[in-house]
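Report on the structure given below.
The values are calculated or read from the model by the stated rules, or taken from the named source; none is laboratory data. Owing to the predicted nature of the structure, the values given are computational and were not obtained by experimental measurement. All Cβ positions, even for glycine, are placed from backbone atoms using ideal geometry, and neighbour counts span all protein chains on display. Calculation scope for accessible area: heavy atoms of the full protein, side chains included, ligands and nucleic acids excluded. Shrake-Rupley method; radii C 1.70, N 1.55, O 1.52, S 1.80 Å.
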Amino acid sequence: MLQKIDHLGIAVKSLDESVPYYEKALGLKCEHREEVPSQKVRTAFFQCGEVHLELLEPTSPESPIAKFLEKNPNGGIHHIAFATDDISGQLKQASGAGIKLIHEQPFEGAANKLVAFLHPKSTFGVLTEFCAPKNQ
Ligand code: ZN
């Protein structure tokens, strides 16, 4: 079952250029930064209430974020992530409803979580992530 919106993924060209906006203009605190080799990105996390913001900077031209930035040169909202206690069950439910999956199996994402994505062509343009703590 989906529990809440965990985070919004936001594509940026540069963490160093964009993090000060969130810190100084919005007054949020950067919780941590992390490189995620599986997605070829560097991330910076902010918390706002129960929802996190995950800034994503590409580390390679092959990164999905680099491809997003080619189409959206200013950056922008890249994905929405739902917290769940059962990623595999959510993937089964989505694929059973005819939704195209990007990942059949969860893999290791940022912030010590398992993640998997649904294809935006099947989700009305919203790249959708399921995430769960890795120790579950
Ligand atoms: Zn995410």
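Values computed for the structure shown
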item	result
Subset of segment 50-91 [out of contact with any strand residue (DSSP E or B) (no Cβ under 9 Å at 6 or more places or on another chain) and closer than 20 Å to Asn112 by Cα]	Gly89
Pairs with Cβ under 6 Å, 6+ apart, first in segment 119-130 and within 18 Å of Gly96 (Cβ to Cβ), second open to solvent by 40 Å² or more (accessible area, probe 1.4 Å) and within 14 Å of the ligand (Cβ to nearest atom)	His119/Ile102; Phe130/Phe82
Residue match in segment 14-30 (condition: assigned to a strand (DSSP E or B), out of contact with any Cys (no Cβ under 7 Å at 6 or more places or on another chain) and at negative phi)	yes
Residue list for segment 54-68, restricted to those being open to solvent by 40 Å² or more (accessible area, probe 1.4 Å), within 15 Å of the ligand (Cβ to nearest atom) and modelled with pLDDT of 95 or more	Phe68
Residues located in segment 4-25, provided they are open to solvent by less than 90 Å² (accessible area, probe 1.4 Å) and farther than 18 Å from Ala81 by Cβ	Ser14, Leu15, Ser18, Val19, Pro20, Glu23, Ala25
